[in-house]
Amino acid sequence: MLRISLLRLLGRTGLSRGLCLRDSRLRHYSSCPLGARDDAQDARAYFTTPIFYVNAAPHIGHLYSALLADALCRYRRLRVPSAAATRFSTGTDEHGLKIQQAAATAGLAPAELCDQVSAQFQQLFREASISSTDFIRTTEARHRVAVQHFWGVLKARGLLYKGLYEGWYCASDECFLPEAKVTRQPGPSGDLCPVSLESGHPVSWTKEENYIFRLSQFREPLQRWLRGDPRAITPEPFHHAVLQWLEEELPDLSVSRRSSHLHWGIPVPGDDSQTIYVWLDALVNYLTVIGYPNAEFKSWWPTTSHIIGKDILKFHAIYWPALLLGAGMSPPHRIYVHSHWTVCGQKMSKSLGNVVDPRSCLDRYTVDGFRYFLLRQGVPHWDCDYYDEKVVKLLDSELADALGGLLNRCTAKRINPSGTYPAFCTTCFPSEPGLVGPSVRAQAEDYALEAVSSCVRQTNGFVQRHAPWKLNWQSPVDAPWLGTVLHVALECLRVFGTLLQPVTPSLADKLLSRLGVSATERGLGELYFLPRFHGHPCPFEGRRLGSETGLLFPRLDQSRAWLLKAHRT
Ligand code: MSP
């Protein structure tokens, strides 16, 4: 089934609901959670990925966050093509104890480590066709200005005070933890060491004077925000989880560290002895990108969609909206949450040596193939397991055989010798089911095209049922029906190609080019399915197909031997 999990994240949309022949306009897109208010041609939408820690090289989980944001953003551009209407930012999170410690371990200056790893993320995203419009590094001067300004606003509004903070801190997760979230595990020397219950990362006891944010004041405003906008956080279980967290007391939040302990960060304005907490620093990146504190940022805020993994939900759904409300701004419009990738059933980690390198996956499975796999297989509300065989099986069956095979069947010289988008014959395929007559060729099942067009395999079933290769172009009885079968299948392919653009941009381009669909005919606004069935003209009927472009997606298992060899090396 060509059900793409991204589309599940979007809600009830095209491929998952099926295209309705009886109502051929793809109206369902207007009901997707990106929302009617985003639909106006001049309305702006701003998509963000989390900014990525530069302590280690990127892995497939990072790429997944970026791909989801990319596909959502490309999908939005299909609906609202004006280039000025959509902005998409990503970047690297370069300050904090985690980076300071990673640099020390690597024997590098923190800035050197940041340059190296940030460049790796930028290269990966270029290779994976991430269509971001902005890349931010938190070590840039523009970001320091934004963070210090934001701090000043909170201070001026009386929301920061100095106090003694005492508790557990987890440097790997860059977060404070209450006693209840800490457990003991045997460390390398066998002694019991305190670790975070959730992540398993080591924690250490901290006691110092810090600046503290009056987070506790925001419990009710946050509840009001979430209750008033049930789609603020999707999928729903995450929205629910945040409301549950807010049932409990919300303690104030320490938002700085002693500079003697944490020097790699942005100093508190007017107090060099303190460095701003890395999460406050990192979250403000979303404002820096759009020009904050200059007024221009207001044209992009709050029409913002944050795409994040579930591990950073609390920071985005509690701390960030509270900080924004504190600074006199609105919370973001949407928070899309996804779950995690495990590898052969285990959490990915450097120490287990099972980190999957996304660049070698892009090489092995092609950019479109790997994008398709992650977006098709990943599910927003539960974790997904990665292993190579799964990728090969999925891509071979869905892209190479089902989609590629269908295209081949409808365009091959033997079946379609004129190389055109053939005419649809309303006598062979009347719009009323149940009509009988010598020229009626459509069968009862063919009227279930809602299902046929909802999935590539079922379109293949339609073609298989009518076996166009057994029909004869020279026969006046067969020819109109043969053309009609190909016309319907090509219409299905055109719809699949259009809808696949956000997921597999090059493959969709290849498919649509082969069908002769021009660049201006690929938007959602242009997407009318099978207009001839409703007695409307079809702009493609009789048109020459585009030139041959070879296999749409080559089968991978033929190169299996190579794959296994590549793996062993
Ligand atoms: N720097 C913070 C985010 C700050 S945003 C203001 C951070 N960085 S991260 O590099 O650790 O994670 C970035 C993204 O990658 C998050 O969305 C996270 O959920 C995602 N992933 C990291 N590991 C993952 C998997 N194994 N699977 C899927 N995504 C996961 O958090």
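The values are calculated or read from the model by the stated rules, or taken from the named source; none is laboratory data. What you are looking at is a predicted structure, and each value in this text was computed from that prediction instead of being measured. Here the Cβ positions follow ideal geometry from the backbone for every residue, glycine too, while neighbour counts run over all protein chains shown.
Name the residue that is surrounded by the fewest Cβ atoms within 10 Å (Cβ to Cβ), counting only residues in region 45-71 that are outside any helix (DSSP H, G or I) and more than 9 Å from the ligand (Cβ to nearest atom). Result: Ala57. Restricted to region 328-348, and to residues there that are within 14 Å of the ligand (Cβ to nearest atom) and loosely packed, with under 14 Cβ neighbours inside 10 Å, the residue that is farthest from His201 (Cα to Cα) is Cys344. Going through (1) surrounded by 17 or more Cβ atoms within 10 Å (Cβ to Cβ); (2) free of Cβ contacts under 8 Å to residues at least 60 places away in the same chain; (3) in a loop (DSSP other than H, G, I, E, B) one by one, Val355 falls short only on (2). Cβ separations smaller than 9 Å between residues 6+ apart or across chains give the following pairs from region 280-298 residues that are in contact (Cβ under 8 Å) with a residue 40 or more places away in the chain and aromatic (Phe, Trp, Tyr) to residues that are in a helix (DSSP H, G or I) and within 11 Å of the ligand (Cβ to nearest atom): Tyr286/Trp320; Tyr292/Tyr286. Every listed requirement among (1) without any contact (Cβ under 8 Å) to a residue 60 or more places away in the chain; (2) among the β-branched types (Val, Ile, Thr); (3) assigned to a loop (DSSP other than H, G, I, E, B) is met by Val195 save one, (3).
Yes or no, residue by residue, for (1) under 20 Å from Glu140 (Cβ atoms); (2) among the aliphatic types (A, V, I, L, M); (3) more than 16 Å from the ligand (Cβ to nearest atom); (4) surrounded by fewer than 22 Cβ atoms within 10 Å (Cβ to Cβ):
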position: Thr234; (1), (2), (3), (4): no, no, no, yes
position: Glu249; (1), (2), (3), (4): no, no, yes, yes
position: Ser254; (1), (2), (3), (4): no, no, yes, no
position: Gly291; (1), (2), (3), (4): yes, no, yes, yes
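Among residues of region 516-531 that are modelled with pLDDT under 95, those with a beta-carbon under 7 Å from a residue that is of a type in the set (Phe, Trp, Tyr) and assigned to a helix (DSSP H, G or I) at least six positions away or on a different chain give the pairs Leu524/Tyr29.
Take the residues in region 80-94 that are assigned to a loop (DSSP other than H, G, I, E, B) and touching a strand residue (DSSP E or B) at 6+ places or on another chain (Cβ under 8 Å); name whichever of them is farthest from the ligand (Cβ to nearest atom). Out of the qualifying residues, it is Val80.
Kindly establish whether Ser273 is in contact with a Gly (Cβ under 9 Å, 6 or more places away or on another chain) and not aliphatic (A, V, I, L, M). Criteria not met by Ser273.
The residue that is nearest to Thr49 (Cα to Cα), among those in region 109-124 that are among the small types (Gly, Ala, Ser) and free of Cβ contacts under 8 Å to residues at least 40 places away in the same chain, is Ala119. Counting only helices (runs of 4 or more DSSP H) that fall entirely inside region 235-323 and contain at least 3 residues that are not aliphatic (A, V, I, L, M), the qualifying elements are 236-245, 285-288. Exactly one residue out of Ala322, Ala295, Ala282 is within 16 Å of Val153 (Cβ to Cβ), surrounded by 23 or more Cβ atoms within 10 Å (Cβ to Cβ) and either modelled with pLDDT of 95 or more or within 12 Å of the ligand (Cβ to nearest atom) (or both): that is Ala322. When region 268-279 is limited to residues that are touching a helix residue (DSSP H, G or I) at 6+ places or on another chain (Cβ under 8 Å) and within 20 Å of Thr92 (Cα to Cα), the one that is farthest from the ligand (Cβ to nearest atom) turns out to be Ile276.
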